[in-house]
Amino acid sequence: MILCIPDVLTPGQVSHCREKLESAIWEDGKKTAGHQAAQAKDNMQVPAGHPAAIETGQGILKALSENPLFMSAALPLHYLPPMFNRYSGGQQFGTHVDGAIRNLPNGQRIRTDLSCTLFFADPDEYDGGELVIEDTYGSKSVKLPAGHLVLYPSTSLHHVTPVTRGARLCSFFWLQSMIRSDDQRTQLFDLDCAIQRLAGSLPDEEAIKQSTVQLTGVYHNLLRQWAEM
Ligand code: NI
């Protein structure tokens, strides 16, 4: 499942974060890439231990923990601390898959089930810089307003197109979900969406119709998974 989550940060939080990040040190992004990804990667990053990265990252994780849509879709167990990147002057990141296992600062290893990109610059501030995610249904190009986040399976091939004007500033990070399988997590998310819609005060006809379609989908997807013939 690829899901865009609007308004993770308010415009005020976005500008506060941007001020902090702009005064931070920036270094070559190849430093944190594996051998193969390093060949495709051309961007700048704030070093992981930098106070601006730590403080901003904690603010992002707090905002996400209070975001019901994100929590329902990701069912997070462990996070890697958010990192920050900037693309400008034609920089890009060619097609790659994110590494499966990463180390937390305390040495604990986590499995990357979901990748997150949180945008800090609005789309009209730069040209290019689309995050293109390939899945079995084709590719999806994502470029969101500042403060919005995209959540996508870490199993997917993806790339960032060259930034030919302005600068693209983002946070990116990974999480291990309580539910390892993207398929199972998606079914739980669909169930929860239908429940939330129906549990709202006096759901209207449209909400009931949407929920019925969604619940029917979950029924058939579970049947497909469990049926033996
Ligand atoms: Ni990546």
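For the chain, the mean residue ellipticity at 222 nm estimated from helices alone is -11000 deg cm²/dmol, where every DSSP H run of n ≥ 4 contributes -39500 (n - 2.57) and the total is divided by all residues, rounded to the nearest 500.
With a Cα-only, solvent-free Debye model of region 83-156, what are the log10 I(q)/I(0) values at q = 0.16 Å⁻¹? Summing over Cα pairs of region 83-156 leads to -0.69. With the gyration tensor restricted to C-alpha atoms of the chain, the semi-axes of the equivalent ellipsoid amount to 32, 20, 18 Å, longest first. Annotation: lysines with alpha-carbon distance below 30 angstrom to Lys62 (same-chain offsets under eight excluded): Lys20, Lys30, Lys31, Lys41, Lys140, Lys143. Taking a sphere under 15 Å around the Cβ of Asp122 and counting the other residues whose Cβ falls inside, with K and R at +1 and D and E at -1, yields a net charge of 0.
The mean sequence distance of close C-alpha pairs (under 8 Å, at least 6 residues apart), as a share of the length of region 182-226, puts its relative contact order at 42 percent. Would you work out what percent of the accessible area of region 95-176, with all protein chains in place, is carbon or sulfur (probe 1.4 Å)? In region 95-176, the share of accessible area belonging to carbon and sulfur is 51 percent.
Rounded to the nearest 10 square angstrom, Lys30 shows an accessible area of 80 square angstrom against a 1.4 Å probe. Take region 155-229 with all the other protein chains still there, run a 1.4 Å probe, and you get 63 Å² of accessible area per residue. Relative contact order of region 88-229, taken over Cα pairs closer than 8 Å and 6 or more residues apart, is 28 percent.
The values are calculated or read from the model by the stated rules, or taken from the named source; none is laboratory data. If you're wondering where the values come from, they're calculated on a predicted model, not measured in any experiment. Every residue, glycine as well, gets a Cβ built from its backbone with ideal geometry; the counts of neighbours run over all protein chains shown. Heads up: the accessible areas ignore ligands, DNA and RNA and are worked out on the full protein's heavy atoms, side chains in. Shrake-Rupley method; radii C 1.70, N 1.55, O 1.52, S 1.80 Å.
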